[in-house]
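Trainee: Let me give you the structure first, and then I'll get to my questions.
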Amino acid sequence: MNRIAVASDHGGYRLKLTISDILREKGYEIEDLGTDSPESVDYPDFARDVAERIAAGSVKRAILICGTGIGMSITANRYRNVRAALCNDVYSAKMSRLHNDSNVLVLGGRVVGPGVAEDIVETWLETKFEGGRHTRRLKKIEQEQLKNVIHELVTDRIEGRQKVDKGMIEKIVAEAIEVLGLGNEKENGAEK
Ligand code: RB5
């Protein structure tokens, strides 16, 4: 995993530049999705852009930065397959990988200085998901997402005046599994 998407609002702009430079020096390929100046912008626009790419599978890991990290994390976690972790300390960054398999690291550009941020990012990138019992817990989150997707698909069909019979329900469930990419997953790590 050598490619990382980064995005920030104005509150995280400076830290985004610093972190991007450090990561490039370490050999990572950075996909910078803005913002491109310290001008005031709205963080949900940038969180959405990154989260949609994670949901679609075109981005695997990303770093989001706003003033506190709170707005970015609230927004990003509304999207499918996004596990965004707001980590303004090294311990949380480590645990968010070990236990939560976080795929988006969120930082507060007005909370952490560049030195601490560098340690957080390094730890987050180098720590592997433990799997085992944590996989079971992540699956419970996926089940909630699955219920929401099924609900959306059923609502669409009903609004389109399609008959929602047993056959249709089976198709909808298969479609929802496909949408969430749950059909072809492998276990991450060994059960403990
Ligand atoms: C912008 O002033 C600030 O609200 C934003 O960067 C972020 O901290 C929101 O959660």
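The values are calculated or read from the model by the stated rules, or taken from the named source; none is laboratory data. Being a predicted model, the structure only gives us computed values, none of them experimental. Because the Cβ atoms are built from the backbone with ideal geometry, glycine has one as well, and the counts that use them run over all protein chains shown. Surface areas here come from the heavy atoms of the whole protein model, side chains and all, with no ligands, DNA or RNA. Shrake-Rupley method; radii C 1.70, N 1.55, O 1.52, S 1.80 Å.
Trainee: Consider only pairs whose beta carbons are under 7 Å apart and that are at least six residues apart or on different chains; among these, list those whose first residue lies in the range 23-35 and is on the phi > 0 side of the Ramachandran plot and modelled with pLDDT of 95 or more and whose second residue is of a type in the set (A, V, I, L, M, F, W, C) and not in a loop (DSSP other than H, G, I, E, B).
Mentor: From the range 23-35, the pairs are GLY34/ALA7; GLY34/PHE46.
Trainee: Listed residues SER20, SER8, SER73; which is of a type in the set (Ser, Thr, Tyr), more than 16 Å from the ligand (Cβ to nearest atom) and open to solvent by less than 40 Å² (accessible area, probe 1.4 Å)?
Mentor: Criteria check complete, one pass: SER20.
Trainee: Restricting attention to the range 48-62, does a residue exist that is within 15 Å of the ligand (Cβ to nearest atom), open to solvent by 40 Å² or more (accessible area, probe 1.4 Å), closer than 29 Å to VAL179 by Cα and in a loop (DSSP other than H, G, I, E, B)?
Mentor: Within the range 48-62 (the criterion being within 15 Å of the ligand (Cβ to nearest atom), open to solvent by 40 Å² or more (accessible area, probe 1.4 Å), closer than 29 Å to VAL179 by Cα and in a loop (DSSP other than H, G, I, E, B)), the answer is no, since none of the residues qualifies.
Trainee: Also: Quickly run through the range 99-138 and pick out the residues that are open to solvent by 10 Å² or more (accessible area, probe 1.4 Å), of a type outside the set (A, V, I, L, M) and assigned to a loop (DSSP other than H, G, I, E, B).
Mentor: Across the range 99-138, the qualifying residues are HIS99, ASN100, ASP101, ASN103, GLY109, ARG110, GLY113, THR127, LYS128, PHE129, GLU130.
Trainee: State all residues of the range 23-47 that are surrounded by fewer than 16 Cβ atoms within 10 Å (Cβ to Cβ) and in a helix (DSSP H, G or I); if no residue qualifies, say none.
Mentor: ARG24, GLU25, ASP45
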